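> Provided herewith is a single structure, encoded as structure tokens, for subsequent inquiry.
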Amino acid sequence: MNTRRKLLTGMGAAACGLVAWQASTRLPAAAPAAEVTGATRFPNVTLYTHEGKQVKFYDDLIRGKVVALNMMYAQCERTCPTSTANLRQVQKLLGERAGREVFMYSLSLQPELDTPERLREYVKRYRIGPGWLLLTGARADIDLLRRHLGFFDVDPVVDFNDLSHTGMLRIGNDRLDRWTMAPTLTGPEQILSTINHVDTTVVHTAYRAPEPVSLG
Amino acid sequence: MKSSFLTGCSGKLRPYSGSLFLAKGGQPPAAAVQDAPAQASRRTFLKGGAALMAAPLLMTSQKSFAALPPSPPTVPWQAILPDEITLVYGAPLSPAPTEAANIANGEAGRPPHQRWSEFGPQAEPYELHIAQRDDWVFNPSYPPQRTWTYQAAEPDLNTLAPVVFAHYGHPILCRIYNDLPAEHVGFGTPDVSTHLHNLHTGSESDGFPGDYYSLTKAGPTLTGPGGFKDHLYSNIYAGYDELGNGMGDYREALGTLFYHDHTTDFTSANIVRGLIGFYLLFDHLDSGDEHDPTPGALRLPSHPYDYPLGFADRRFDPNGILYYDQVSPEGVLGDKIVVNGKIEPVLQVARRKYRLRLLNEGPSRFYQFYLVRPNNVIQPFTYIANDGNLLETPLLNQTSVRLGVAERADIVVDFSRYPVGTELYVVNRLTHLPDDTRQPYQVVAPGVRVLKIVVNREPPEQDVSQVPSTLRPLRPLPTTAQLAALPVRRFLFERRQNMWAINGQFIDINVPRAVIPQGSAEIWELTSIDDGWDHPIHIHFEEGRILSKVINGRSVAVPPHERGRKDVFVIEGRATTRVLMRFRDYKGKYVMHCHNLIHEDHAMMMRFDIV
């Protein structure tokens, strides 16, 4: 059940789950043609947050922001748990900047299975705090985003295998159209310094503990 | 089955091209003419059942991404390269350089210079500015456009990076100002760290990837931002402490070095922007003076007949503007070869010997260069140095130079063999599959002409330069017993999670993956288990000697041009290369990384510390 190959051949319980979820959420099966906004590099597709909110990818999540995005799925038992725990550390290092100055997003690689409800469970299980949205949507839209984010392999066999999915965290500053990445499995402080690098409001890219709050 | 499948789906095998080149329907553009056709794929793992399973997925793909369109056509042989390269000269610095970072006066927060008392006071001051300009012309067919450059305080606008001539025994204090705009929009970062590849220097002057700086930014391994940073290039040979002669071991001399941005995560983008230039190092043997009367001086062809040539693969968008894809995990394979900043330029030479110093600037393309007549008949030359290091003896009557990214070759060509008016071409016969940045493909004649050489004049004086039969001796290798007693470190270079890893780990600039006692010697075993990629592995700080090469399980002879000292080791396919390394004279943090800049920026780098 770990590969999109199996899902897309339309066999097994996965397909049933897909139908059920689509019925319950009235999500369109696939956007007929993804909207590519003029000057932007990312399609402005519709996604759903783990909180059940409908959002436009570019307008609501990216435009003008410093962001960090990765791919995951709730059933992933190989790299996702470690990656998620690692990104949770990054979120802690970001402190109050998370969700205010730096926005973290995780896109599901198995949108048919990862309903907002399942992603909400995932958020609880990993104690993911505010300022980090888990996202799902129509398969075609997720696939399109995946390619625009550089989360693919040119070898189709590797590309369509969820088990070998990307471990990159796409990091960028949309205002400056400045994009790079960090591995989700490297040290949290390394990831933080890459985020701080593209965030022009930050001078020191290394982690610095917050100033102690004055009690006087 | 494999080939027919691949042929049938060739348009979809390159499913992504970046948003700039989204197809509006119709046929995908033709692949770059100089490269191999798409159906010649050798992705050997795409076999039988796997292909059949993947096929329906390709068919159901919702979108059609076109292959990256080729760069627009250029008119060749319009730009004339200068007869003499542009040099940069020393000049006093204000404020005066200091051992510790001069933070109060705007220097970035680096650690204090090592060996300051030995080299600092007498170091000759140099000044370089990293700047943006908007008027560079790669080719008359393309509009003037933005590049980033290294400039002297009073820039020569004919070059993107002036050449530094340095001499052993004469330290240089190079102050590098970062004048890039902080609010730069588009690919590249205006926070920079200049590495001098491959000087034997303190880590605080090495251009460590975490040491990037600007007025508004401090890299993770700096204590504070700054508009400039001082680099103490001591210009000593490795073996300085070991020999105690105040100079080091002249057998360790470096010759053809280059400086370039090395900022974590952004090296590829910033080099594509233009941040790369030459630094040539001379000594009593290779003195840079063909008239040198000193006994033993090699009297190789010297300036202006000593001419560095940097080759860079670049892609241009349909408007002729430099293109780079910031999010593609494969990078961008350039289909235009930029030579010293120009596409298809002309170098006019006198009828005499020239020393040409060839560098593959990357980001990803490999080359195999030949010198040919207009009828493609191959012309011989003499190969004298690899990776900037003179060989023990010249290799005569050579016909080709193969360069992985960051590899260098110094060759001597005797143009006195040709009458005035003779036209020659430097051609690249090494192809890549279309848009394949992973490894080169095949050597195919006649190749692509990247530089025209015209013998256009008699020399103003008799050519007194020479290529002696011995160049620079090598320190003898340790005995077999001594080698067997050395510690061995193994490094596995592999594909992992859509990126590339060393020993299963990705770059973490804060954590050394090896801690090495200063003064020690070790054997580093560099191994790749994937045949889908070539990795030109660069080890900072000291040169290595190749002890053995095993490719696909078979021991292969080390080719003659790789029997000297090297700083880039191309791991081709499934291979293991054993290298003798020494770590002398300095301490601190350094890196080893793949110099395919896409691999480097996708985490194939590790820090090592000398303690």
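Every read-out reported here was derived from the displayed coordinates using simple, explicitly stated rules and does not represent laboratory data. Predicted model only: the values in this text are computed from it and were never measured. FYI the Cβ positions are ideal-geometry reconstructions off the backbone, even for glycines, and counts take in every protein chain you see.
> Can you pull the mean other chain C-beta count within 10 Å for peptide A:199-212?
Average per residue, whole number: 4.
> Let me ask something else about it. Grab the beta carbon distance between A:Arg100 and B:Arg457, set R0 = 60 Å, and tell me the FRET efficiency rounded to 0.05.
Once rounded, the FRET efficiency stands at 0.35.
> With an 8 Å Cα cut-off and a minimum separation of 6 or more residues, compute the relative contact order for the range A:44-198 in percent.
Contact order relative to length: 31 percent.
> Between the range B:191-260 and the range B:526-587, how far is it from one alpha carbon centroid to the other, in angstrom?
When both Cα centres are located, 23 Å separates them.
> While we're here: Viscosity 0.692 mPa s, temperature 37 °C: what is the translational diffusion coefficient of the range B:294-359 from Stokes-Einstein with a Kirkwood Rh over Cα pairs, rounded to a whole number of µm²/s?
Answer from the Stokes-Einstein relation: 223 µm²/s.
> Would you grab the residues whose amide H sits under 5 Å from the one on B:Ala238? Only those 5+ places off in sequence or on another chain, please, with H modelled 1.01 Å from N.
When sequence neighbours closer than 5 places are left aside, the close amide H contacts are B:Asp249.
> Right, something else. Determine the percent antiparallel among the DSSP beta bridges restricted to the protein assembly as shown, to the nearest 5.
The antiparallel fraction comes to roughly 70 percent.
> Rounded, prolate or oblate, given the Cα gyration tensor of chain B, with a/c below 1.5 counting as rounded?
Since a/c stays below 1.5, the shape of chain B is classed as rounded.
> Expressed as a whole number of Å, what is the distance separating the alpha-carbon centroids of the range A:48-119 and the range B:343-407?
Centre-to-centre distance over Cα atoms comes out at 50 Å.
> In percent, what relative contact order does the range B:222-306 have, based on Cα pairs under 8 Å that are 6 or more apart in sequence?
Answer for the range B:222-306 is 17 percent.
> Antiparallel as a % of all DSSP beta bridges within chain B, to the nearest 5?
Roughly 75 percent of the beta bridges in chain B run antiparallel, per DSSP.
> Moving to a separate point now. So how do B:Phe266, B:Phe165, B:Phe366, B:Phe187 line up by other beta-carbon neighbours within 10 Å, fewest first?
Exposure proxy ranking, most exposed first: B:Phe165, B:Phe187, B:Phe366, B:Phe266.
> How would A:Arg125, A:Arg139, A:Arg178 line up from fewest to most surrounding beta-carbon atoms within 10 angstrom?
Fewest-to-most Cβ neighbours within 10 Å comes out as A:Arg125, A:Arg139, A:Arg178.
> Next question, about the same structure. Need one word for the range A:44-198: rounded, prolate or oblate. Basis is the Cα gyration tensor (sqrt eigenvalues a ≥ b ≥ c); a/c below 1.5 gives rounded, then a/b vs b/c decides.
The shape class here is rounded.
> Also: Across chain B, where is the longest run that never hits GluC sites (Glu not before Pro) in a DSSP loop with at most 15 other C-beta atoms within 10 Å?
B:184-460
> On the Cα set of the range B:120-263, report Rg and Dmax in Å, please.
For the range B:120-263, the Cα-based Rg and Dmax read 16.8, 56 Å.
> How many times 2.2 N^0.38 Å is the alpha carbon radius of gyration of the range B:306-457?
Taking N as the residue count of the range B:306-457, the ratio is 1.06.
> Suppose we keep just the alpha-carbon trace of the protein assembly as shown; what are its Rg and Dmax in angstrom?
26.9, 90
> Then there's this: Percentage of Cα-Cα pair distances in the range B:399-550 greater than 27 Å, rounded to whole percent?
51 percent
> About the Cα centre, and with charges only on the beta carbon of Lys, Arg (+1) and Asp, Glu (-1), how big is the dipole of the protein assembly as shown? Nearest 20 debye, please.
2820 debye
> Return A:Asp177, A:Asp155 ranked ascending by Cβ neighbour count within 10 Å, so the fewest neighbours appear first.
Starting with the residue having the fewest Cβ neighbours, the order is A:Asp177, A:Asp155.
> How would you classify the range B:480-610 from its alpha-carbon gyration tensor, with a ≥ b ≥ c the square roots of the eigenvalues: rounded for a/c under 1.5, else prolate if a/b is greater than b/c, otherwise oblate?
The shape class here is oblate.
> Under the definition of partner shielding as Cβ atoms of other protein chains within 10 Å of a residue Cβ, what is the mean value for peptide B:321-329?
What the average comes to for B:321-329 is 4.
> Please give the average number of partner chain Cβ atoms lying within 10 Å of the Cβ of each residue in A:41-49, rounded to a whole number.
Going residue by residue through A:41-49 and averaging, the value is 1.
> Still on this structure, I have one more. In percent, how large is the relative contact order of the range B:87-282, given Cα pairs closer than 8 Å and 6 or more residues apart?
After rounding, I find 25 percent.
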